[in-house]
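Quick notes on the structure that follows.
The values are calculated or read from the model by the stated rules, or taken from the named source; none is laboratory data. On a predicted model such as this, the values are computed, not experimentally measured, just so you know. Ideal geometry is used to build each Cβ from the backbone, glycine not excepted, and the neighbour counts take in all protein chains shown. Keep in mind that these areas ignore ligands, DNA and RNA; they rest on the heavy atoms of the full protein, side chains included. Shrake-Rupley method; radii C 1.70, N 1.55, O 1.52, S 1.80 Å.
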Amino acid sequence: MDQRIWTQGVIPTKLDAWIWAGDMAYLDNPTVLCDDASGEGGENEHKQVSGSPQCHCEPSWLASMPHSCMAGQVQHAASRWEAYLGNPDYKLFLEDMCPGAMAKGEFPPVGPLCPRPILGTYDDHDFGWNNGNHREPDKQAFKSMFLDAIGEDPRSPRRGDLRGAWGSHTLRIPSSGGVEVEVFLLDERWDRDNLPCWTRRKACEAALEDSSSSASYRAWCAEFLHNGTEFGVTGRGSCCDKDERLWFKWCNAQRAAKAVNAEYEHPLFREACDVVHFGWGTRMLWLSDDGEVLTDKPPPPSSQLEQSDIEQSGGASSFSRYTEDEQQGSPHCEVLGRQQRAWLRGALEASTAPLKLLVSGSVLLGNPVSQGPFDSFCSGDDLDCYAAAQAELMHLAAVATKGCVLVLTGDYHWSDIKVLTPGNNAATYRVGMGEMENSGEQQFPESGLVQVMASGLTTSTSPNVSCAEFLARGYTTDPLGLREGFAPSSGSGGSSSSSSSSSGGSNGGGGEGEGPAAEANARTGQEPEAASEGGAWQGVLAGATSAEEARACSALVGGSFATVEAEVSHGALRKVHIRLRDKHGHARYTKTIDAGSCRPL
């Protein structure tokens with residue numbers, strides 16, 4: 001695969017560090033070109049093979065035709081890693097970041113120990129399974145392969161058994177005067193629950209009634225709604241219904257009761273419903289089958305509560321739905337898991353770094369509008385699908401953490417910057433933010449919650465469409481106006497700014513070397529505006545309403561990586577510059593954050 005972006009764009013940018021944010025390699029993709037109607041499949045240089053088992057398989061909750069038959073296949077994944085790491089352009093990048101390491105037999109080099117560190121976390125495809133979760137059959141093997149690929153230290157706690165790949169790393173960049181940048185690498189796959197039921201119930205019910213639906217999708221829907229193998233309960237699917245039952249129904253019912261009687265509050269309300277509460281998500285809570293009784297007492301299956309609880313609910317309440325495995329989990333549809341949550345809260349609270357990078361393989365701020373045929377308000381894998389988990393991460397990033405905090409992500413195959421600001425669009429975001437804002441300490445910083453998405457390191461991940469066509473796609477719209485660089489008249493909101501260089505980036509797409517990446521850079525000074533390239537970029541600019549919007553749209557559609565720069569004066573962080581860059585390293589859009597607008601340390 002052509003990966004000249006390393007030599008044409010990344011290396012000339014002179015980065016101080018590089019951070020992968022997921023989908024570094026597509027381990028579940030076939031190595032042949034599948035003969036489906038779309039003509040898509042493996043990488044273009046591979047030969048089309050009719051009837052290949054890599055393209056044709058028995059559909060299941062794990063495997064699907066034509067592009068995910070190899071999901072969860074460890075040996076296939078190992079061959080994909082070998083091909084990716086052997087790419088000559090990527091090897092030049094490794095030599096640039098870790099001079100002399102490969103000559104000493106270190107391959108890949110120990111990334112965190114390189115003079116210019118290489119860090120990262122995985123998303124779904126480099127976890128071995130598109131939209132994968134905790135059910136990945138060999139997740140320890142896939143985690144180990146990823147950590148090997150980025151050169152994680154063999155002694156790293158991230159390699160431990162029975163835990164995900166989460167961890168942190170502090171960058172002390174010489175050119176910043178020693179100012180620290182702390183990187184928090186999240187693992188949003190290891191403990192992730194199955195997709196919540198509400199996100200695909202209507203679509204799956206329709207698909208199961210429609211014989212023209214694909215066999216793969218029908219098989220997935222049948223297991224999702226009815227035939228889940230995880231719980232061993234007849235008639236129950238594998239989808240997660242905990243948010244639906246607790247976060248949306250029980251919590252809202254409690255809020256309604258409190259609105260009638262201000263003195264009333266269930267003793268477990270804060271722990272169950274308010275992500276600001278110190279106990280939220282730290283232990284299991286049990287909600288009765290009828291949704292009436294919430295308790296912190298672990299009932300065995302089919303048991304009855306104590307008489308006082310029965311009287312409170314007006315009758316006997318069964319808890320037959322809980323299995324032994326579920327009793328070790330979370331009361332919400334989980335993304336981080338209890339162990340990672342405790343670590344993250346403590347690590348963020350203890351951090352004294354003025355700039356913190358929260359690396360999330362899954363998109364935190366997605367597109368909370370109806371997603372076409374799914375009749376849902378999430379794409380199927382971003383955190384809009386996991387409302388409670390999303391609300392907690394939003395709170396940690398925007399409110400509970402001091403200093404300047406950026407969320408770095410990828411996954412979507414394009415690049416943009418979204419900002420959730422105090423009031424206005426924050427109040428309208430569909431994740432239960434209203435309850436958070438009622439808490440005394442719930443105040444967004446002036447800088448807002450900033451998400452930097454950079455995705456598409458290879459040509460197969462950058463869509464060759466005009467700006468107007470791109471913005472017309474349902475999943476690319478921005479109805480809440482969170483996206484920076486576009487006038488409200490174009491369907492997106494925000495403002496633009498220009499400043500000096502920076503670092504951070506990501507990448508995601510359909511083949512090897514297309515996962516999210518981010519860099520952390522700390523240089524000062526002005527960088528000249530990138531000259532217009534013409535050619536392929538001209539189609540991107542069609543439909544933009546101004547010169548600045550045209551530049552932003554060229555980054556949105558064809559952006560490949562982003563950079564984040566800490567501007568330092570007299571030993572203190574003054575500004576943070578975020579740049580979306582094209583395949584040649586040219587900055588197509590820049591946003592500057594004044595450190596004074598962040599939460600004080």
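Things worth noting here:
- Whichever residue in the stretch 349-387 is at pLDDT below 90 and among the small types (Gly, Ala, Ser) and, among such residues, is surrounded by the fewest Cβ atoms within 10 Å (Cβ to Cβ): GLY372
- Given (1) in contact with a helix residue (DSSP H, G or I) (Cβ under 7 Å, 6 or more places away or on another chain); (2) closer than 24 Å to ASP191 by Cα; (3) not polar (S, T, N, Q), number of the condition GLY132 does not satisfy: (1)
- Filtered residues of the stretch 118-150 (kept if closer than 13 Å to ALA17 by Cβ and in a loop (DSSP other than H, G, I, E, B)): ILE150
- Beta carbons closer than 7 Å, at least 6 apart along the sequence or on distinct chains, pair a first residue in the stretch 191-213 that is over 30 Å from GLY164 (Cα atoms) with a second that is assigned to a helix (DSSP H, G or I) and open to solvent by 30 Å² or more (accessible area, probe 1.4 Å) for ALA203/PRO373; ALA203/PHE374; ALA207/TYR217; ALA207/ARG218; LEU208/ARG218.
- ALA165 being in a helix (DSSP H, G or I), open to solvent by less than 50 Å² (accessible area, probe 1.4 Å), touching a residue at least 24 places away in the same chain (Cβ under 8 Å) and small (Gly, Ala, Ser): no
- Failed criterion for ALA253 (all others in (1) part of a helix (DSSP H, G or I); (2) among the small types (Gly, Ala, Ser); (3) open to solvent by 70 Å² or more (accessible area, probe 1.4 Å) hold): (3)
- Flag if GLY51 is open to solvent by 40 Å² or more (accessible area, probe 1.4 Å), in a loop (DSSP other than H, G, I, E, B) and on the phi > 0 side of the Ramachandran plot: yes
- One residue stands out in the stretch 196-206 among those that are assigned to a helix (DSSP H, G or I) and out of contact with any Pro (no Cβ under 9 Å at 6 or more places or on another chain): the one that is surrounded by the most Cβ atoms within 10 Å (Cβ to Cβ), namely THR199.
- Pick from the stretch 574-601, criterion in contact with a Cys (Cβ under 7 Å, 6 or more places away or on another chain) and of a type in the set (A, V, I, L, M), ranking: farthest from ALA454 (Cα to Cα): ALA595
- With respect to (1) modelled with pLDDT of 60 or more; (2) out of contact with any Phe, Trp or Tyr (no Cβ under 7 Å at 6 or more places or on another chain); (3) under 25 Å from LEU357 (Cβ atoms), the lone exception for ARG551 is condition (2).
- Residues that are more than 13 Å from VAL452 (Cα to Cα), open to solvent by 10 Å² or more (accessible area, probe 1.4 Å) and in contact with a helix residue (DSSP H, G or I) (Cβ under 7 Å, 6 or more places away or on another chain), drawn from the stretch 397-412: ALA400
- Whichever residue in the stretch 97-117 is not aliphatic (A, V, I, L, M) and not in a loop (DSSP other than H, G, I, E, B) and, among such residues, is surrounded by the most Cβ atoms within 10 Å (Cβ to Cβ): GLY111
- For ASP153, the criteria (1) of a type outside the set (A, V, I, L, M, F, W, C); (2) in contact with a Lys or Arg (Cβ under 9 Å, 6 or more places away or on another chain); (3) surrounded by fewer than 23 Cβ atoms within 10 Å (Cβ to Cβ); (4) within 26 Å of ASP381 (Cα to Cα) hold in every case but one, which is (4).
- Considering residues of the stretch 131-150 that are among the hydrophobic types (A, V, I, L, M, F, W, C) and touching a residue at least 40 places away in the same chain (Cβ under 8 Å) only, the residue surrounded by the fewest Cβ atoms within 10 Å (Cβ to Cβ): ALA141
- Residues of the stretch 1-28 that are within 17 Å of LEU85 (Cα to Cα), part of a loop (DSSP other than H, G, I, E, B) and at pLDDT 90 or above: GLY22, ASP23, MET24, ALA25, TYR26, LEU27, ASP28.
- Pair list, Cβ under 7 Å, 6 or more apart: the stretch 89-112 residue in contact (Cβ under 8 Å) with a residue 40 or more places away in the chain and over 12 Å from GLU152 (Cα atoms), other residue β-branched (Val, Ile, Thr) and open to solvent by less than 40 Å² (accessible area, probe 1.4 Å): LEU92/ILE11; PHE93/VAL10; PHE93/ILE11; ASP96/ILE11; MET97/ILE118
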